[in-house]
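Participant: To start, I am sharing the structure in question, which I have written as structure tokens.
The values are calculated or read from the model by the stated rules, or taken from the named source; none is laboratory data. What you see is a predicted model, and the numbers here were worked out from it, not measured in a lab. Every residue, glycine as well, gets a Cβ built from its backbone with ideal geometry; the counts of neighbours run over all protein chains shown.
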Amino acid sequence: MRRALQCSRPSASLSLRSRGLKFVPPSVCTRRELGHLDLSDNHLEDLPPYLGELRELRVLDISANCFEAMPDVVFQLPKLELLVATHNRLQWLPPAVAHLRNLSSLLLQHNRFNEPDSLPRELAQLRNLREVYLDGNGLQAVPEPITRLRHLRTLNLEHNLLSTLPRRVQGLESLSQLFLHHNRFCDFPEAVTGLTNLSMLFLQHNSICSIPSAISRLTRLSKLFLGHNRLKALPSEIGCLRTLTNLSVENNLLRDLPSEIGQLRNLSILNVENNRLHALPDEVFRLKHLRVVRLAGNPFC
């Protein structure tokens, strides 16, 4: 899904999207007031040095081009807040990324950042960075610099090859949204239970067989997606997630639900489709805010 481009304040915009460009026309650099430049869906392999004259640029979209390396001129844009470089052939970022002091969103999905050293340690110097998207990169491990971004709020690692998370992930103390669906987890990643500010956790489409009791630590969680795994039971500690509004455990192997689900007083959506349930606990029917219950594909249906 293409992410909407945003910057912190209104500014002049220029879209050269889908123009079949192989180079950026020099006339672009005359737009010194430019705040948003869209060069996506072209045939660009590099960017000219004169783009460095766009000192007011806050949003740059170079997605869906032919970049094999991040152009040097990108790191000369002092006010850049949002960098969209998805669907290219990028394999690494240079240490110069530390120059982007105002960067808040870094979108690198569907590239080739699959090596342990593909991201430099200087990335951790970006204290304003709030969002990192690395989905679809063939990652087998979380790059170490990512775990040092203490102010990060959103981390997207979906559609990779991850089977474990390092304990140092718990250093992401500000993280509120974590996307881990479509990976290769057989066990629930224990490091996640230390992310006590999480509000949304996506773990669907893995091979997870059980949920640890330590999930009770995620007391700020509002949405938990565990569909399309191999869960046979939910722990009673699920009842500790009092802020949960959406619980989705469809397409698992659940034979029953714990009565502690009745403690989820804010629950409004419960999806248990395609399991092996023969009944629901009476406590479910006492949840006053429950608005949607999906039950199809169970024996009692």
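Condition check ((1) in contact with a His (Cβ under 8 Å, 6 or more places away or on another chain); (2) part of a helix (DSSP H, G or I)) across all residues:
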| position | (1), (2) |
| --- | --- |
| T86 | yes, no |
| Q91 | no, no |
| V97 | no, yes |
| N114 | no, no |
| D117 | no, no |
| L129 | yes, no |
| V132 | no, no |
| N137 | yes, no |
| V142 | no, no |
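Participant: Let me ask something else about it. Would you mind stating whether L152 is in a loop (DSSP other than H, G, I, E, B) and under 15 Å from S105 (Cβ atoms)?
Facilitator: yes
Participant: Going through I215, I269 one at a time, which residue ends up being free of Cβ contacts under 8 Å to residues at least 60 places away in the same chain, under 28 Å from G171 (Cα atoms) and not polar (S, T, N, Q)?
Facilitator: Answer to the check: I215.
Participant: Okay, moving on. Out of the residues in the stretch 187-227 that are β-branched (V, I, T) and either at pLDDT below 95 or part of a loop (DSSP other than H, G, I, E, B) (or both), state the one that is nearest to N246 (Cα to Cα). Before you say what the answer is, go through the steps one by one.
Facilitator: Taking the stretch 187-227 and keeping what is β-branched (V, I, T), we get 192-193, 196, 208, 211, 215, 219.
The next check asks that each one be either at pLDDT below 95 or part of a loop (DSSP other than H, G, I, E, B) (or both); those that pass are 196, 208, 211, 219.
Values: T196: 18, I208: 19, I211: 17, T219: 14 Å.
The selected residue is T219.
Participant: Hey, can you tell me all the residues within the stretch 226-254 that are hydrophobic (A, V, I, L, M, F, W, C) and under 19 Å from D187 (Cβ atoms)?
Facilitator: Within the stretch 226-254, L226, L231, A233, L234, I238, V249, L253, L254 qualify.
Participant: Which one of A64, A69 is on the phi > 0 side of the Ramachandran plot, free of Cβ contacts under 8 Å to residues at least 60 places away in the same chain and not in a helix (DSSP H, G or I)?
Facilitator: A64
Participant: Which of the residues that make up the stretch 13-61 are closer than 23 Å to R101 by Cβ and part of a helix (DSSP H, G or I)?
Facilitator: Of everything in the stretch 13-61, those that are closer than 23 Å to R101 by Cβ and part of a helix (DSSP H, G or I) turn out to be C29, P49, Y50, L51, G52, E53.
Participant: Which residue, of E237, E260, E273, is within 30 Å of the chain's Cα centre (by Cα) and assigned to a loop (DSSP other than H, G, I, E, B)?
Facilitator: From the options E237, E260, E273, the qualifying one is E273.
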